Structure formats: C-alpha cells, structure tokens
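Notes for the one structure printed next.
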2 protein chains.
Amino acid sequence: MNIKKIMTPPVRREDVPAALASLGIAVTAQRIEIGAILLESMQHLSAEQVQARLEADGASASKATVYNTLGLFAKKGLVRELVIDGARVFYDSNPSDHFHFYNVDDGTLFDFPSSPVTLTNLPTPPEGTKLDKVDVIVRVTTK
Amino acid sequence: MNIKKIMTPPVRREDVPAALASLGIAVTAQRIEIGAILLESMQHLSAEQVQARLEADGASASKATVYNTLGLFAKKGLVRELVIDGARVFYDSNPSDHFHFYNVDDGTLFDFPSSPVTLTNLPTPPEGTKLDKVDVIVRVTTK
DNA sequence: GTGGCAGTCTAGACAGAGTCTAAATTGACG
DNA sequence: CGTCAATTTAGACTCTGTCTAGACTGCCAC
C-alpha cells in the first residue's frame, strides 16, 4: 500500500535528512538547516523569520535559496504555505489540514483548537479542475 | 430598528453617491468614479485593474487615491478585501458572506455557487478577541 | 583520480504592490 | 469671500519576492 509516513514536528535535527529524502527532496546543507528550523516545532514562519533564525544559528543561506527552499518544501508537502495578509507569506510546519485564527490588530496567527470543525456541502470544483486545498482563516480583532 | 439597506451590485452610476453616503463615506468625484466601477456588477478587481478601468472611462485618480479609496470602502463595508495569493489584494464588490474558488494555475477567481455551505463547530475566538470575518478559499488546479 | 554534468547556491540587480510625505486642491460653512 | 479640514496628488520610497549569470558541489564514467 505504500502509505508514506510523514514526519510531523517536532523532528530532531538528525532526522531532518530522512524527512527530506522521504518526500523526494534532495538533501543539501542549506535544506537541512532550513528544515531543522521549521520542523523544530509546529509554527508559522515567514521567509524573513527563517533567514533571521539561520543567522542566529550561525548558519546562513542567500535570500534566493531561502525562498527557493521554502517554495520547494511547500510543493513537496513538507510545509504548508499560508497567505494571510498580502504583506508576506507564512510557512506552516504542520502540513496537515487545519484552520487558522488571525488577529488583524497585532498580526498573531493561531491554529484552531482541534475541535471537529467541518465544512459541509462544499460544492464540487468547477468543471475541468480538481481540488488542491482548502484554506479557512478566521480573522479576529482585539476586543 | 434602523436596519441599514446596503445596496448590492448592480448599482446604477447615479445611485453611487447615495450608496457611499449611506455608509458614512464622504462623497467626492474620485470615490464616485471608483464606486461606479466596482458596483457596476459583482466582481473581483485588483487596485491595478480599478485604475486601468478609470483610465478606460476617461477618468483618473492617483495611485495613492485608488489604494486609499479601496481601503476606505473595505473598512466601511462597501466591498470586501480578498487576500488570495500574496501578489495582490482583490476587492469583491459583493460584501456579503460567501466563499471562493481560486484556480492556482490560471489565477481565476469564482464565487461559490450559492449552495448552503456551512462551517460547523467553529471554535470561539481566543479570549480577548472578537470575530471579524471568515475567509474560505478553495484552491483548485486545472485537471 | 580526473573530466564532465546536472543540480544547487550565491550576490546582487530587478520587479511590482503598496505606503508615505509634503504640497496642492477641494468643498463646506460661516 | 475667507478659512479650515478633508481629500487628492506626484513621486520617492519600502518591502517581499523573482530573476540572472556565474560559481560551486557531488556523483558517475572512464
């Protein structure tokens, strides 16, 4: 049946190469660094934040590599791209289906608690297209 | 009870000033132009597309005015801001609650057909915050 | 080993959406 | 008509993200 076991955070640094390889991502030094940062815990990081963490860890990668790597990880399903506010994209190290709260006033982003939220009566995709993913963002304001 | 009657597209050009005023938006020449474009029909337009339509109509407004006006309209509830792909923001001239399909391959954006889609078991917003709006975007790819 | 090659990485130029600033214009009201 | 606050403007500016051209890396064949 070949059910692929996807590693979800936290993933130890020494397991990152295997996590990449299992998704068909060629392993390189930069990808290990970036993967280790993202997979350390379930979190939402922007490209800029990832690069700052790289520096803080004494590693580094060019801006182009950070963007390319995050895009590759998202394409391969290691992380999930979140478009929240048009100013930047966030990468969510929890790639499974779940929804988000976004506080419009202070920019904070939370996962929904794992309550059984369901979307019912979802229409079928338009003719000639197939479903990719469903994003649900609940915007809240500070009371 | 003071139930406000919100005008929904199509709104005739001569009714635009009243539509603005009813939402507490000061009426100016530029706002009428931009409002007339948006409210002509239910549609999704980017700031750039609005400005192009202005030119096409022989009117014009500076880039800053277009952005300010669209932001003001969104804040007042005349249109709804849609953050879809991080590259630009769209303004939806149908401000009522409804969800969207987005074709990732060609960038087209559709409303859901008006089937009774419902989100159930939506968790309550985090302590100290209150719900602003819920965005549901179903991303599809060309098969 | 060593030559070649594809894939990856890099610096820095570039692109495009959106914001900011300071000055000019408008229009409401006395 | 004069004043004042709100609005509009041009254009500089910021910021995220992309592109380009060259350098580097690692792996395989010989």
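In the set (1) facing chain A (nearest Cβ under 7 Å); (2) charged (D, E, K, R); (3) open to solvent by 50 Å² or more (accessible area, probe 1.4 Å), B:ARG88 fails one condition alone, (1). Taken over the range B:91-120, the residue count meeting the criterion of being closer than 23 Å to A:LYS75 by Cα and more than 7 Å from every other protein chain (Cβ to nearest Cβ) is 7. Residues that are within 7 Å of chain A (Cβ to nearest Cβ), open to solvent by 50 Å² or more (accessible area, probe 1.4 Å) and more than 12 Å from A:ARG139 (Cβ to Cβ) within the range B:121-137 comprise B:ASN121, B:LEU122, listed in sequence order.
For B:VAL16, the criteria (1) exposed (fewer than 12 other Cβ atoms within 10 Å of the Cβ); (2) more than 11 Å from DNA strand C (Cβ to nearest atom) hold in every case but one, which is (1). Criterion first (more than 13 Å from DNA strand C (Cβ to nearest atom), in contact with a Lys or Arg (Cβ under 7 Å, 6 or more places away or on another chain) and touching a residue at least 12 places away in the same chain (Cβ under 8 Å)) does A:ASP111 satisfy it? Judged against the criteria, A:ASP111 is not a match. Which of the residues belonging to the range B:91-107 are under 14 Å from A:LYS130 (Cα atoms) and either open to solvent by 30 Å² or more (accessible area, probe 1.4 Å) or small (Gly, Ala, Ser) (or both)? Residues satisfying the conditions are B:VAL104, B:ASP105, B:ASP106.
Taking the range A:58-76 as the range and being away from chain B (no Cβ under 14 Å), more than 8 Å from DNA strand D (Cβ to nearest atom) and small (Gly, Ala, Ser) as the test, the residues that pass are A:GLY58, A:ALA59, A:SER60, A:ALA61.
Right, A:LEU45: away from chain B (no Cβ under 14 Å), within 15 Å of DNA strand D (Cβ to nearest atom) and over 24 Å from B:PRO123 (Cα atoms) or not? Answer is no for this residue. For the range A:63-75, the condition of being of a type outside the set (S, T, N, Q), more than 13 Å from DNA strand C (Cβ to nearest atom), touching a Lys or Arg at 6+ places or on another chain (Cβ under 9 Å) and closer than 30 Å to B:ASP135 by Cβ holds for at least one residue. Scanning the range A:25-77 for residues that are touching a residue at least 40 places away in the same chain (Cβ under 8 Å), open to solvent by 10 Å² or more (accessible area, probe 1.4 Å) and either β-branched (Val, Ile, Thr) or assigned to a strand (DSSP E or B) (or both) turns up A:HIS44, A:LEU45.
The values are calculated or read from the model by the stated rules, or taken from the named source; none is laboratory data. Just so you know, these numbers come straight off a predicted model, no measurement behind them. Cβ sites come from the backbone with ideal geometry, for glycine too, and all protein chains shown count toward neighbours. Areas reflect the complete protein model, heavy atoms only, side chains present, ligands, DNA and RNA absent. Shrake-Rupley method; radii C 1.70, N 1.55, O 1.52, S 1.80 Å.
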